[in-house]
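The values are calculated or read from the model by the stated rules, or taken from the named source; none is laboratory data. In this text the structure is predicted, and so the values were computed from the model without any measurement. FYI the Cβ positions are ideal-geometry reconstructions off the backbone, even for glycines, and counts take in every protein chain you see. The accessibility values were calculated without ligands, DNA or RNA, using every heavy atom of the protein model including side chains. Shrake-Rupley method; radii C 1.70, N 1.55, O 1.52, S 1.80 Å.
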Amino acid sequence: MSQEIEATSLRDSIAAFTANMAKHAPAEVIATLGAELKKLVDSGIAARALKVGTKAPDFTLPDAHGEQVNLASVLAKGPAVVTFYRGGWCPFCDLQLRAYQGVLAPVRDLGAELLAISPQTPDYALSDVEKKQLTFPVLTDAGNRVAREYGLVFALSDAAKQLQTGFGNPIPKFNGDESWELPMPGTFVLDRSGMVLLAHVDPDYMRRVEPAAITDALRGARA
């Protein structure tokens, strides 16, 4: 598959999913989702997230198989793409992770590694790896400790809690705590020194950075 096709696949997949959701979900659910997204966007929380030109905090987190992954050790070998996602229960995260798996070969050809991070317990992270056939490290950030250092964490409102419960998403069970906190979806391309070359953070979880933007940033780093 060409990179041009790959570059539009995530956007198109998300658009198709949201169009289908708008057709079939109750109007009051769509209205509440929209209102909650608007509150997050209007709150300005994305402004506190890690920005281009700053150094990414180091971390050591367990992968889905219990192995510890250290960012500094990854960067010693080459650039890194670090993406924070809400959880495997989120259909937009599902589409994103599958799209990034689709460009893993060119990412690694550019000497980089891709790391995906969520607050889910390792068992749920392993489920993501197996169901989506992911071959890059999927890490557990218990309590959103690392996501907090990257400026991504927010607490769900009561309305959002009710929505997710109604969708059959017991987030406290997935994350192993009662905080009802999640990371905003955030993707960072880091050079070997840990400097942020590309940062995409959006409180609207329906918007994700395109795979082509990631590979373009990695090519820029190599140049």
statement: Of the residues in segment 87-102 that are assigned to a loop (DSSP other than H, G, I, E, B) and open to solvent by 10 Å² or more (accessible area, probe 1.4 Å), the one that is nearest to Pro122 (Cα to Cα) is Gly88
- prompt: For segment 1-86, which strands (runs of 3 or more DSSP E) that fit wholly inside it have 1 or more residues that are farther than 27 Å from Asn144 by Cα and in contact with a Cys (Cβ under 7 Å, 6 or more places away or on another chain)?
  reply: none
task: Just name the residue that is nearest to Val74 (Cα to Cα) out of those in segment 155-210 that are among the small types (Gly, Ala, Ser), in contact with an Asp or Glu (Cβ under 7 Å, 6 or more places away or on another chain) and open to solvent by 30 Å² or more (accessible area, probe 1.4 Å).
output: Ala155
Cβ-Cβ under 8 Å pairs, at least 6 apart or on other chains, segment 48-68 side without any contact (Cβ under 8 Å) to a residue 40 or more places away in the chain, far side open to solvent by less than 30 Å² (accessible area, probe 1.4 Å): Thr60/Val69; Thr60/Leu71; Gln68/Leu61
message: Out of Ile30, Ile14, I need the residue that is out of contact with any strand residue (DSSP E or B) (no Cβ under 8 Å at 6 or more places or on another chain) and modelled with pLDDT of 90 or more. Which one?
response: Ile14
- prompt: Does segment 160-172 hold any residues that are within 24 Å of Leu139 (Cα to Cα) and either modelled with pLDDT of 95 or more or of a type in the set (A, V, I, L, M) (or both), and which are they?
  reply: Ile171, Pro172
- request: Output the residues belonging to segment 26-69 that are more than 29 Å from Gly166 (Cβ to Cβ) and in contact with a helix residue (DSSP H, G or I) (Cβ under 9 Å, 6 or more places away or on another chain).
  value: Leu50, Ala56, Pro57, Asp58, Phe59, Thr60, Leu61, Pro62, Asp63, His65, Gly66
query: Residues in segment 103-114: is at least one surrounded by fewer than 22 Cβ atoms within 10 Å (Cβ to Cβ), among the small types (Gly, Ala, Ser), outside any loop (DSSP other than H, G, I, E, B) and at pLDDT 95 or above?
result: yes
task: For segment 32-51, indicate whether the set of residues that are open to solvent by 30 Å² or more (accessible area, probe 1.4 Å), over 23 Å from Leu10 (Cα atoms), among the hydrophobic types (A, V, I, L, M, F, W, C) and within 18 Å of the chain's Cα centre (by Cα) is non-empty.
output: yes
- request: Collect the residues in segment 116-147 that are more than 18 Å from Val69 (Cα to Cα) and either open to solvent by less than 10 Å² (accessible area, probe 1.4 Å) or assigned to a helix (DSSP H, G or I) (or both), keeping them in residue-number order.
  value: Ser127, Glu130, Lys131, Lys132
message: Leu156 - would you say it is among the hydrophobic types (A, V, I, L, M, F, W, C) and farther than 19 Å from Asp94 by Cα?
response: yes
